[in-house]
1. What length, rounded to one decimal in nm, is gained on full extension from residue 246 through to residue 175, with 0.36 nm per residue of separation minus their alpha-carbon distance?
2. In whole Å, what are the extents of region 203-294 along the principal axes defined by its C-alpha atoms, from largest to smallest?
3. Take the alpha carbon atoms of region 139-291, find their radius of gyration, then divide it by 2.2 N^0.38 Å using N residues; give the quotient.
4. Pull out the extension gain between residue 61 and residue 36, defined as 0.36 nm times the separation in residues minus the alpha carbon to alpha carbon distance; nm, one decimal.
5. Under 10 Å, Cα contacts only: if you run a Gaussian network model on the chain, which one of 141, 354, 87 comes out with the highest mean-square fluctuation?
6. In region 130-158, which residues have a backbone nitrogen under 16 Å from the label point lying 7 Å from residue 233's Cα in the Cα-to-Cβ direction?
7. Once the dipole of the chain is set up with Lys and Arg at +1 and Asp and Glu at -1 on Cβ about the Cα centre, which of 253, 415, 184 lies farthest towards its positive end?
8. For an R0 of 41 angstrom, estimate the FRET efficiency from the Cβ-Cβ distance between residue 319 and residue 267 and round to the nearest 0.05.
Amino acid sequence: MKHSVTLCLILFFSITSRGFAACSGSSPKRIASTWTDVAACHSAARDGDTITVMPGTYMVDKPTRITKFVRIAASGVVTLVDNTPNQSNLIEIVESTAGSTRLEGFKFVQGTGIHPNPNGVIVMTNKSGGKPILITGTDYQVGTSGDFIIANVNRGVIWRNGMKGKLYGNTCSNNASFVRQKPQDGSWASPAKYGADDTKGDLNLYIETNVLTNVFEAVDVDDNGRAVIRHNTITNSGLLTHGADTGPIGGRYMDIYRNTFIWDATVQCPPDLPAGVNSFIYLRGGTALIHENDIPDVSGRAWGDKSEIGFTVEALGRNAGDYACWKGGYPAPHQPGWGYRNGGTRAGRSPIVQDLEPIYVWNNKGTGNHSRPTVFDYASGECGTGVAAATDYIRQNREYFLGVPKPGYAAYTYPHQLTADPQPLP
């Protein structure tokens, strides 16, 4: 009996002391015993603190909001099972003006939480004067569909992460996304800052050295988005810009280079279907640089021969958005191959002003159609007769150039300087 009482006392003090020590340590090193304790650590933290989360698997059913300049890092294996409500986010990180908030090392598993756009597992939120948010070393296992990172920012670095989607249905596909970029900051009407022109590396969102598999809308650039997508391994997954079609703005530009695209033709859906990949790079709006990528041919018995790179003006044939069934003349608002320098050209009979800013495609390899991109019509019948052809709006040597580098272009330093490893965890 004496030994039993002693054991009970030990267990009591062990449990209660862990409860009182939910957030232990002090500035600059704080320790969260579980994921739930991150909120307490964040509340106590000073700018520049590190919050280390102890190993374990945690069921998460409430969102966590991060507003301070902190580093939140997993110690060992920390798995977060996402059971948060579907119209919410698991983690929202708001930019800090004091420094770059960093999230690293966590494994996310989709539980009951499914987050369709505009929600995501992680949401990056812009703040005036904020510093780039950093996300690294994370992994997301998708059970069905949904979005991992919603980037409402035009700066930050997302690197060394992984995501694997689940394919299903008679199209053997999904609507999952690794990053959906929607900054909505009005910056479409400002000049591009490609490569070394982004002198501090804080005028674009950098997505580099990630491994993405079966994520059909791997990176979706929309609503003023400016993205640099480089040195990633992208299997059965696509990159795209939205246009001024389903929304009023569309993506501003992508700089896509030194990525390895992979077509995995193995059977993934019953009875005998491989992934239903339609393209690797698809532009509905804005402009892009596409260079030094490895782009294979997507071709097979199940789906035929696909176009790995394609351009379109959906508004010509789509009855959606502010410019539905566009018959306002050339150029269409925010169409592929157009951007902004000083707003010298009015987009047809619209109030939008823009400038010709061609797409450049050069020095790619592989058997894909990088030397002959396809210009697609949006052929749904939504706009009746008299629909203009996309090829009247997107022409080689006007909206796009092949085999020619963009004049004056030099890539931004790689890896991004903000990816440097910080001090070791406590």
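Nothing in this text is a laboratory measurement; each read-out follows from the coordinates by a stated rule. The shown structure was predicted, so the numbers you read here are calculated from the model rather than taken from an experiment. Glycine also receives a Cβ, built like all others from the backbone with ideal geometry; neighbour counts cover every protein chain displayed.
1. That works out to 24.0 nm of additional length.
2. 43, 29, 17
3. For region 139-291, the normalised Cα radius of gyration is 1.02.
4. Details: separation 25, 0.36 × 25 = 9.00 nm, distance 0.97 nm.
Difference between extended and current length: 8.0 nm.
5. Answer for the Gaussian network model of the chain: 87.
6. 137-140
7. 415
8. Working: r = 37 Å, r/R0 = 0.90.
E(calc), rounded to 0.05, equals 0.65.
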